[in-house]
Amino acid sequence: MMGDPIQHLREEHVVLLAQFAALETAVARLQAEGSAALPQVLPICQAVGQMMASQLDRHRRKEDDVLFPAVEAVIGAGGVTAVMRDEHKDIHAYGKTFRQTLHELHEVEHPRIEAGGERLRHLSAHGGDAASLIATANDILYLVKIHFEKEEQVLFPMIPQLLSGQRLASLYADMLAISR
Ligand SMILES: [Fe+2]
Ligand SMILES: [Fe+2]
């Protein structure tokens, strides 16, 4: 089908997962090499943190605001879309924590920050260190992979039975409006 919204979401998953794979590699390096790897690893983490707030959030809106309401109009709001909506909230909450941890790490790395010892003690008291960055990144990677799998294997295969080709074409147009 031309302009298939489900194919569009599947293709976005592929693009998003490629960026999460870069995060996975960076985190493995941080785990192996410790804080010495931070200068190389932080820019990759920053990029993924920004991606989650922009590109991944647009993807979420295409589901929460376009696809799910159309599905819920047919089968009601209590089923699989409710679970997906909850998982979106979890993933984006972790994304926020990830960006906060990065921000704290960035301040420590920043050469103009003085009294670094005090700042470091504050960070370790609040979990804003490389270890918590690794933990949050691993939580994100786990949640995102499981979430995309559920959509692709449970929700998306239901769609052709629920929505007409004409309805799908109009959903696709609504999704493209979010891309712009
Ligand atoms: Fe989703
Ligand atoms: Fe998705």
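The values are calculated or read from the model by the stated rules, or taken from the named source; none is laboratory data. What you are looking at is a predicted structure, and each value in this text was computed from that prediction instead of being measured. Note that each Cβ is placed from the backbone with ideal geometry, even for glycine, and that neighbours are counted across all protein chains shown.
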Exercise. (1) crowded, with 19+ Cβ neighbours inside 10 Å; (2) at pLDDT below 95; (3) of a type in the set (Gly, Ala, Ser); (4) within 29 Å of residue 156 (Cβ to Cβ): which one isn't true of residue 78, the others all being true?
Worked result: (1)
Problem set entry | Selection count where residues are away from ligand 2 (no atom under 14 Å from the Cβ) and of a type in the set (Lys, Arg), scope region 68-88 | 0
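Taking residue 30, is it closer than 27 Å to residue 105 by Cα and touching a Cys at 6+ places or on another chain (Cβ under 8 Å)? Spell out the reasoning first.
Details: closer than 27 Å to residue 105 by Cα: yes; touching a Cys at 6+ places or on another chain (Cβ under 8 Å): no.
The answer is no for residue 30.
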Exercise. For region 138-171, how many residues are surrounded by fewer than 17 Cβ atoms within 10 Å (Cβ to Cβ) and not in a helix (DSSP H, G or I)?
Worked result: 1
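Across region 46-70, what is the number of residues that are away from ligand 1 (no atom under 16 Å from the Cβ) and either small (Gly, Ala, Ser) or within 12 Å of the chain's Cα centre (by Cα) (or both)? Before the answer, list the steps.
So in region 46-70, the residues away from ligand 1 (no atom under 16 Å from the Cβ) come out as 46-50.
Next cut, either small (Gly, Ala, Ser) or within 12 Å of the chain's Cα centre (by Cα) (or both) only: 47-50.
The qualifying residues number 4.
Of the residues 118, 107, 114, only one is surrounded by 13 or more Cβ atoms within 10 Å (Cβ to Cβ), out of contact with any Phe, Trp or Tyr (no Cβ under 9 Å at 6 or more places or on another chain) and modelled with pLDDT under 95; which?
On the way: 118 fails: surrounded by 13 or more Cβ atoms within 10 Å (Cβ to Cβ); 114 fails: surrounded by 13 or more Cβ atoms within 10 Å (Cβ to Cβ).
It is 107.
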Exercise. Assuming residue 52 fulfils every condition listed in (1) farther than 17 Å from residue 132 by Cβ; (2) within 16 Å of ligand 2 (Cβ to nearest atom); (3) touching a residue at least 60 places away in the same chain (Cβ under 8 Å); (4) of a type outside the set (Asp, Glu) apart from one, which condition is it?
Worked result: (1)
For this session: Can you tell me which residue among 13, 59, 8 is within 12 Å of ligand 2 (Cβ to nearest atom), in contact with an Asp or Glu (Cβ under 6 Å, 6 or more places away or on another chain) and in a helix (DSSP H, G or I)?
Result: 59
Problem set entry | Test: residue 73 is out of contact with any Pro (no Cβ under 7 Å at 6 or more places or on another chain) and within 16 Å of ligand 1 (Cβ to nearest atom) | no
Exercise. Which of the residues belonging to region 131-173 are touching a helix residue (DSSP H, G or I) at 6+ places or on another chain (Cβ under 7 Å), over 30 Å from residue 31 (Cβ atoms) and more than 16 Å from ligand 1 (Cβ to nearest atom)?
Worked result: 162, 163, 167, 168, 172
For this session: Of the conditions (1) assigned to a loop (DSSP other than H, G, I, E, B); (2) under 13 Å from the mean Cα position of the chain (by Cα), residue 21 clears all except one; give me its number.
Result: (1)
For this session: Please tell me if residue 37 is modelled with pLDDT under 90 and in a helix (DSSP H, G or I).
Result: yes
